[in-house]
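The values are calculated or read from the model by the stated rules, or taken from the named source; none is laboratory data. Values in this document were obtained by computation on a predicted structure and should not be read as measured data. FYI the Cβ positions are ideal-geometry reconstructions off the backbone, even for glycines, and counts take in every protein chain you see. What goes into the accessible areas is simple: the full protein's heavy atoms, side chains included, and nothing from ligands, DNA or RNA. Shrake-Rupley method; radii C 1.70, N 1.55, O 1.52, S 1.80 Å.
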Amino acid sequence: MENRKEDLARKIARNMSMTENFGDEPEPARGVTDFGEDAFDTVYARTARERRPQRAYAGSSSGSRRSTAQRQHSGTASRSGSSSKRSSGGSTYAKKPANSRNTKTSNKAAAVKKPAVTIKKKKKKPMTATKAALICTCILLTGLMAGGGFLIVGNKMYEDSFLDNTYISGVDVGGMDKRQALEEVKKKAGIPDVLAITKRDGSQITIPLADIGYKDNTEELVNKYYNGQDHGKWLSAMFEKEEYSIKNSFHYDKKKLESILAHKLIKNQKAKAPQDAYISRNDAGSFMVVGENDGDSIDTNKIQLLFDYVESELDELHFDIAIGSVDCYKKAKLHSEDLYERCQKLNNLHNIEIVIDFQLNTEKIDGPTIMKWVGYDEDAPVNALEVDRDKVEQYVSLLASRYDTFGKDRQFVSTSRGPITVPQGEGCYGWWLDQDAMTDHIIECIENCESTRMDAIYYVNPDSTYSYTCNPDWLTDKTDYGDTYFDVDLKMQHMWYYENGEMKMESDIVSGYPSESRNTPAGVYKLWLKERGKTLVGSSDGQSYASYVEFWNYFSTIGIGFHDASWQGGVFGGEKYQSPTWGSHGCVNLPYDAAEYIYENAPLDTPVFLYW
């Protein structure tokens, strides 16, 4: 076939060459050509038409060929003539004379007659079966070669990746390799490799899921689905969807989880313990509340609440768990709101006043004085306010020295001797400030940050409930007694009772036998208790006694008083007291009527002056 094409091409080229030599006859190309027989006939006929005038001109007397330009011009003129005629068997050209310099030559050419060239149209030969088969075979082979190359490229492309339209648990993994597909499926599945626990302070601890018994089969199933695909079917996969599913069932060991949580959150924790709110004092002297801090220390008594919360979150496939809101932490006991009122009071310390009543006068502790006594301990989260006890005690001691009368000697105008000095002795008369109780009370008032008015606190004997106070109506700037009193001259063994300066009663007495244990001690005493029908029980000088008396008028804290003494036989006074038989055990024995008078008439708190 190819040889025939080459022969046809050579013949066409030779015919075209002959047109350049005017005398050559074109040789018709024979056989089937790629151009078709009609195309060849047309070309051949046009060539023949152009050759006739050229040959007539060749017979002129000039004897030379026209130039190529002249030939082209002549051909153009002949084709554009107005009287051209074409017969069915060929083409005949007749040219009219024209005004040109070549008129003679043209006439000669016209005189030369040449028979018309008749070209027979070659009939088409039908294509044979062999030719058709050969063409089809070529087309088929070409298609097979192209298709084979396409298949080879496709197989190479999908040999290491999932086929198109492949879905695993809703994730399109088409065109991905196993690693890429695993990453995407895991993202969709939502099960990471570790469990993250975020604590209250924002820090995190992580627990590998493998450590609590979890086994992830996602990679195993992705590999299984990959290996199960026929990667040679990549072409059909473009039109068919293939779906796989992975059910992520999450199972773990709760005991392992709880053990790891306990170790990381309690045993190995660097947690902050809760801190109570407290009151702080700034450089300007003002007070402010510093809020509490619950810290992040786990309360071991509430650890199960933490376990339950984490496990419930895991059951919902939550793997980033914040435990800051779980009620499993230790808590501060004192909160800011508990201290606001107190802080406000503290800031009013410089405005408060503490007033103390001392009968004759009052004492006032003002704010500036209090502020000098107040310190502040920043390390004490609850009771940060500190009152300097030493300073308060010094202040109370000063008050005692100013107002106490107990323990002091007194100037007394006696009936028998005139003005004398009676020592306090073992007596109990007078005002005696309880300094410890006063100090405690003042400190309490300061800590309450409230202004207050208080009575002075006086000492009370814890064994007898005796109060070291006197009749406030008798208190003056110079003395603590008035003109109602008992005057007892132990040396004369006689007594007098005065009421409002008037003597109401007097009597002889028998005092204590002058031994160490039975002697009646001198001093200033106070009538403070009365009883009727009492048995006096005691012992002295190795002797025990039990004496019944009708009127018991108690005036000391050491067991002595005024009472009737029927065993004296109605005889009192003189030197009878010096007898161990008749001398008392320390009391002042009186006749029945004198003891009764005191019991019936003398008021409590009446001072008793005993002197030798």
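General remarks:
- Within region 439-459, being open to solvent by 70 Å² or more (accessible area, probe 1.4 Å) and part of a strand (DSSP E or B) holds for ARG453, ASP455.
- Scope region 518-534; condition part of a loop (DSSP other than H, G, I, E, B) and farther than 24 Å from PHE406 by Cα; matching residues: ARG518
- So ASP436, is it surrounded by fewer than 21 Cβ atoms within 10 Å (Cβ to Cβ) and under 27 Å from VAL387 (Cβ atoms): yes
- Of all positions in region 312-334, at least one carries a residue that is among the hydrophobic types (A, V, I, L, M, F, W, C), farther than 30 Å from TYR214 by Cβ and in contact (Cβ under 8 Å) with a residue 40 or more places away in the chain.
- Residues within region 581-601 that are crowded, with 22+ Cβ neighbours inside 10 Å and among the small types (Gly, Ala, Ser), tallied: 3
- Matching strands (runs of 3 or more DSSP E) fully within region 182-286 where at least 2 residues are touching a residue at least 40 places away in the same chain (Cβ under 8 Å) and either open to solvent by 50 Å² or more (accessible area, probe 1.4 Å) or outside the structural domain of ILE298 (by the TED database) (or both): 194-198, 204-208, 242-244
- Between LEU360, LEU346, the distinction of being loosely packed, with under 13 Cβ neighbours inside 10 Å and not assigned by the TED database to the domain that holds GLY202 belongs to LEU360 only.
- No other residue among LYS530, LYS534, LYS526 is at pLDDT 95 or above, open to solvent by less than 10 Å² (accessible area, probe 1.4 Å) and of a type in the set (D, E, K, R) apart from LYS526.
- Comparison of TRP567, TRP552, TRP496 shows that the only residue that is touching a His at 6+ places or on another chain (Cβ under 6 Å) and at pLDDT 95 or above is TRP552.
Residues are listed down the side, and each one gets a yes or a no for (1) in the same structural domain as ASP409 (by the TED database); (2) touching a residue at least 12 places away in the same chain (Cβ under 8 Å); (3) within 25 Å of ASP409 (Cα to Cα); (4) in contact with a Phe, Trp or Tyr (Cβ under 6 Å, 6 or more places away or on another chain):
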residue: PRO521; (1), (2), (3), (4): no, yes, yes, no
residue: TYR548; (1), (2), (3), (4): no, yes, no, no
residue: TRP552; (1), (2), (3), (4): no, yes, no, no
residue: ILE558; (1), (2), (3), (4): no, yes, yes, no
residue: GLY561; (1), (2), (3), (4): no, yes, yes, yes
residue: GLY570; (1), (2), (3), (4): no, yes, no, no
residue: SER584; (1), (2), (3), (4): no, yes, no, no
residue: LEU590; (1), (2), (3), (4): no, yes, no, yes
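- Scanning region 437-492 for residues that are β-branched (Val, Ile, Thr) and closer than 30 Å to PHE572 by Cα yields THR484, VAL488.
- Scanning region 287-337 for residues that are open to solvent by less than 50 Å² (accessible area, probe 1.4 Å) and in a strand (DSSP E or B) yields PHE287, VAL289, VAL290, ILE298, ILE321, TYR329.
- The set of residues in region 166-181 that are in a loop (DSSP other than H, G, I, E, B) and either at pLDDT 90 or above or open to solvent by less than 50 Å² (accessible area, probe 1.4 Å) (or both) comprises SER169, VAL173, GLY174, GLY175, MET176, ASP177.
- Whichever residue in region 410-433 is of a type in the set (D, E, K, R) and modelled with pLDDT of 95 or more and, among such residues, is surrounded by the fewest Cβ atoms within 10 Å (Cβ to Cβ): ARG417
- Qualifying residue in region 545-553 (condition: part of a strand (DSSP E or B), within 27 Å of GLY501 (Cα to Cα) and either within 60 Å of the chain's Cα centre (by Cα) or aromatic (Phe, Trp, Tyr) (or both)): yes
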